[in-house]
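Have a look at the structure below, then the notes.
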Amino acid sequence: MVRVFLNRWKRMAYWLLYNIIIFQISRWVMYWYHLENFKSLGWKDLSLIFLGGSRFDWVVIVMANILLILIFLIPLPLKKIQIWWRVSAILTFVMVHFFLFLNLIDVPYFSYIHKRSTSDIFFQIGGQTDVMRQIPAYFRDYWYLFVLFFTVVCMGFYFFQKLFSFALKEARFSLKRRGIVYYAMKFIVVVFLSVISIRGGFQRIPIDIIDAAFYAAPDYAVLVINTPFSIIKSLEEKRIDRYSFFNDDENRKVLMLRKKYSFDKMLKKNVVVIVLESFSKEYTGLGGRKSYTRFLDSLTEFCMVFENAWSNGTKSIEGIPAIVSSIPSWMNNPYINSLYCNNNTHSFPVLLKREGYHTAFFHGGINGTMNFDAYAKQAGFDMYFGMNEYARDVDFDGYWGIWDEPFLQFAARQLSKFKEPFFTCIFTLSSHHPFNVPDKYKSVLPKGKLAIQQSIAYTDMALDKFFDTVKNTSWYKNTLFVFTADHTGVSADTYYSSIAGRYQIPLLIFDPEKTERKNLRGMIQQIDILPTVLYLLQYPHSFLSFGNNYFDTCAVHHIVFYENAYYYVADDSHLISFNEDFNLQKNWNYRNYQMKEYELQDSVQWE
């Protein structure tokens, strides 16, 4: 009996060791795949990261194996113990390798969001048909990760069978041999150790994403935590904690969330906000690198050019609310998928309807993608135009929706049907993975080191044709055009892969009646677009906005964004990070293209 008891613990120990090894392998894959991002790490740093990462791995490993642990180490005197064993074994094996799958899927996805995925990943997929169309592209581009995954699964299945082949025979324990007290004590010990493991230790508060700071700097936290842990912890989120650093009067004075401009009569100009999918500043003439945006670059000669514009997030689902509603995603879950998504907001459509504007949202994707159609309705848009409204499947790109060129022409035709004044948001599509362009343009448009760069050139060409169509319309000269990006795209450039570079986007405001270039070098972020445009329209009513009017000299113009449980604040040369307890962590001098860490002293202040 003692031999059998020890043999059980030994077999379980071998299986849990296998779990630890495959999780660490996935961490190595993340490290080597993005070596350019982590090349400054020395062996001492890596050792600490992998050691600390095993603590986070152990949490999800025990979660995945809890059923097997209980039924294998604590045999229950049930008549059908074999059925319970088979069920627990199958569920455990599937769960462990599903967690591994999430880790490996995040390896290429990190290039787009620069953090571990959170629970909102399950809400970003716009229906089952989207998923099915994306699978072939992911298999094609990242086939080696799928080969690695299935190889590990096959090896794991063989190992699992070898370890637990005698489990059914050994499961037939009798209460008469050892008694209820023996099994009760064993149950208490196993459950106690499992609970401590899932908590991540004996500390007062269960381990969380923020605890990665004990093992690595904020920009390397992605190597410490694992994807299942990140998703599970973000699922636990309920409401944002309320902090009170100042009284209400001081808050109103400093934050200035409520705005009121000193205008009596509004300029009833149309507004067309064009949000360009994954358009990094790097890809344009403003980025100081090779440009793939011939049309956009030519337009900079006739408009307001904001040279220091930043995004407030790394995903489309974060960028659209920031631009349209001046609401940033300063939390793990984007606003659209948060508990606050149904709150009343002062978005562009809500505010401009007071002045008689007709409003519409255009996105060529499959209706329901990332809940944009639901968000458009919540934000107050009168109309939504997606793939269903386009109603011509012949222009379907095979993955996400309608190619940008025909869809922008469709948008142009619809705009000419609207009663003025109108506000529209047009969100492009084609510069999204898998970064395809129509066959007829593959040998025509410029290519770069990255697949996305030709798709950027394609969308830019589609914009050029869009303006060829609309510049002859009656409403063109009475329209304010705003060009920006939802977030940045993948990069092979050292600076634009850095924490500062990967948030920098283009931002242009073009008024056909004013054709002189204005270079504006101050700081501006996506949430500033709404108050800035309303100022240019001489909006006469009060409104609420997280952002500030760029031209307001009394406002504080800093950039704020949230990533991997850290808040970042940037001015025109430095980027400072805080943890969720608002303790200062690091200081980057990004303007000099180098990172410099300062010692945290009592004298350090942020003004």
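Give the carbon-plus-sulfur fraction of the accessible surface of the chain in %, rounded to a whole number; probe 1.4 Å, heavy atoms of protein chains only.
Numbers: 16640 of 27990 Å².
About 59 percent, which is the carbon plus sulfur part of the accessible surface.
What are the semi-axes of the equivalent ellipsoid for the chain, taken as the square roots of 5 times the Cα gyration tensor eigenvalues, largest first, in whole Å? Don't jump to the answer; show the numbers that get you there.
Values: eigenvalues 487, 148, 105 Å².
Gyration-tensor ellipsoid for the chain: 49, 27, 23 Å.
Close amide-amide hydrogen proximity is noted between LEU480 and ASN270, VAL271, VAL272, each under 5 Å apart and 5 or more residues distant or on a separate chain (H modeled in the peptide plane; Pro and chain starts excluded). Which of the listed residues, TRP9, ILE66, THR488, is farthest toward the dipole's positive end in the chain, when Lys, Arg count +1 and Asp, Glu count -1 at the beta-carbon? After comparing all options, I get TRP9. Maximal additional length on extending the GLN203-TRP143 stretch stands at 17.5 nm, based on 0.36 nm per residue less the C-alpha distance.
What does DSSP give for the chain in terms of the percent of beta bridges that are antiparallel, rounded to the nearest 5?
Numbers: 28 of 55 bridges.
Antiparallel bridges make up about 50 percent of those DSSP assigns within the chain.
Under the simplified labelling scheme, the ASN247-ASN343 pair shows an inter-label distance of 2.4 nm, with each label point 7 Å from Cα along Cα→Cβ. Other residues with beta-carbon under 13 Å from the beta-carbon of SER474 carry, at +1 per Lys or Arg and -1 per Asp or Glu, a net charge of +3. In straight-distance terms, cross-link reach from LYS39 covers every one of the aspartates and glutamates whose alpha-carbon lies under 16 Å from its own, apart from those fewer than eight places away in the same chain; here that gives ASP219, ASP493.
Packing order of peptides 36-43, 419-426, 9-16, highest average first: 419-426, 9-16, 36-43 (average count of other Cβ atoms within 10 Å over each peptide's residues).
Given +1 at the Cβ of Lys and Arg, -1 at the Cβ of Asp and Glu and no other charges, the dipole of the chain around its Cα centre is 2720 debye to the nearest 20.
Which order do the peptides 136-145, 516-525 take when ranked by the mean count of other beta-carbon atoms within 10 Å per residue, highest first?
516-525, 136-145
The calculated 222 nm mean residue ellipticity attributable to helices in the chain amounts to -13500 deg cm²/dmol, summing -39500 (n - 2.57) over DSSP H runs of n ≥ 4 and dividing by all residues.
Let me spell out the model: positive unit charges on the Cβ of Lys and Arg, negative unit charges on the Cβ of Asp and Glu, origin at the Cα centre of segment 3-57. What dipole size does that give, in debye rounded to 20? It would help to have the intermediate numbers written out before the result.
On the way: 8 positive and 3 negative charges, 92 e Å.
Dipole size: approximately 440 debye.
Under a 5 Å amide H cut-off, with hydrogens placed 1.01 Å from N, SER430 pairs with ASP404 among residues at least 5 apart or on other chains. Ranking ASP552, ASP241 by solvent-accessible area of protein heavy atoms (1.4 Å probe, all protein chains present), from largest to smallest, gives ASP241, ASP552. A dipole drawn for the chain from +1 and -1 charges on Cβ atoms has a positive end, and of LEU445, ALA391, ASN270 the residue lying farthest that way is ALA391.
In this structure the chain gives 46 Å² per residue of accessible area when probed at 1.4 Å with all protein chains present.
For the pair HIS558 and MET155, a Förster radius of 56 Å applied to the C-beta separation gives a FRET efficiency near 0.65, rounded to the nearest 0.05.
Residues whose amide H lies under 5 Å from that of LEU507, counting only those 5 or more places away or on a different chain, are PHE306; hydrogens are built 1.01 Å from N in the peptide plane.
The values are calculated or read from the model by the stated rules, or taken from the named source; none is laboratory data. If you're wondering where the values come from, they're calculated on a predicted model, not measured in any experiment. Glycine gets a Cβ as well: all are built from the backbone with ideal geometry, and neighbour counts include every protein chain shown. With ligands, DNA and RNA removed, areas are computed over all heavy atoms of the protein, side chains included. Shrake-Rupley method; radii C 1.70, N 1.55, O 1.52, S 1.80 Å.
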